[in-house]
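Structure first, then comments.
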Amino acid sequence: DAKTTQPNSMESNEEEPVHLPCNHSTISGTDYIHWYRQLPSQGPEYVIHGLTSNVNNRMASLAIAEDRKSSTLILHRATLRDAAVYYCILRDGHYGGSQGNLIFGKGTKLSVKP
Amino acid sequence: EAQVTQNPRYLITVTGKKLTVTCSQNMNHEYMSWYRQDPGLGLRQIYYSMNVEVTDKGDVPEGYKVSRKEKRNFPLILESPSPNQTSLYFCASSTLAGGYGLFFGSGTQLSVL
């Protein structure tokens, strides 16, 4: 069963901000929200993760809703190199729980127009 | 350099001929996992391992075997490959803590004729 729901595709213009949404209405208290992206012909790569608070790193920002049932990955200025498939997944922080079984789904394919 | 290494990068084989795809990580990670990626179906987990000698089924384990005899290695074994196992395979590793990200290998493109 998919634990997260993402739009199949999104479009953005170069140098504009992009907000990629993810719904995870059945999130548990120990689930971390992780984002990965997969560039064409490459393996997925880690982008960012969070538990309750908003997070920033050099690649992106993660905004987490107060009830944690949704989150948004924010790319502040999209570049052509950001065109990729973005995956939002939940990872249980409680050892021995469902920590090992990770469900990626189909992700959101982001297209960036020059 | 921290990395997950998969071999081979490309493999063409015939139905029924046993094969092994290797995966090795140099980060002392407890957790390792295998995924397959097919057009329109996204990434689906095959098997995972929480530590040495501990393995468990993911969402699509049929037709695959794994072993975890050493911490760094997690080979994927196809005892009798079939054409429906033609796919792009990824290995990943991480620490067990939920607050740490996965590292992925570069992938193995397998074609079963």
Which strands (runs of 3 or more DSSP E) does the range B:16-113 wholly contain that include 2 or more residues that are at pLDDT below 95 and within 10 Å of chain A (Cβ to nearest Cβ)? B:42-51, B:54-57
I need every pair where a residue in the range B:1-13 that is surrounded by 10 or more Cβ atoms within 10 Å (Cβ to Cβ) has its Cβ under 6 Å from the Cβ of a residue that is part of a strand (DSSP E or B) and β-branched (Val, Ile, Thr), sequence separation at least 6 or different chains. B:6/B:108; B:7/B:22; B:13/B:112
Can you go through A:110, A:62 and tell me which one is within 14 Å of chain B (Cβ to nearest Cβ), in contact (Cβ under 8 Å) with a residue 24 or more places away in the chain, surrounded by 15 or more Cβ atoms within 10 Å (Cβ to Cβ) and assigned to a strand (DSSP E or B)? A:62
Scan the range B:93-113 and report the pairs whose first residue is hydrophobic (A, V, I, L, M, F, W, C) and whose second residue is assigned to a loop (DSSP other than H, G, I, E, B) and surrounded by 20 or more Cβ atoms within 10 Å (Cβ to Cβ), with Cβ atoms within less than 7 Å and a gap of 6+ or a chain change. B:96/A:99; B:104/A:43; B:104/A:44; B:112/B:81
In the range A:79-107, residue surrounded by the fewest Cβ atoms within 10 Å (Cβ to Cβ) [restricted to those that are free of Cβ contacts under 8 Å to residues at least 60 places away in the same chain, more than 7 Å from every other protein chain (Cβ to nearest Cβ) and of a type in the set (A, V, I, L, M)]: A:83
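The values are calculated or read from the model by the stated rules, or taken from the named source; none is laboratory data. Owing to the predicted nature of the structure, the values given are computational and were not obtained by experimental measurement. No Cβ is skipped: glycine too gets one built from the backbone with ideal geometry, and neighbour counts run over all protein chains shown.
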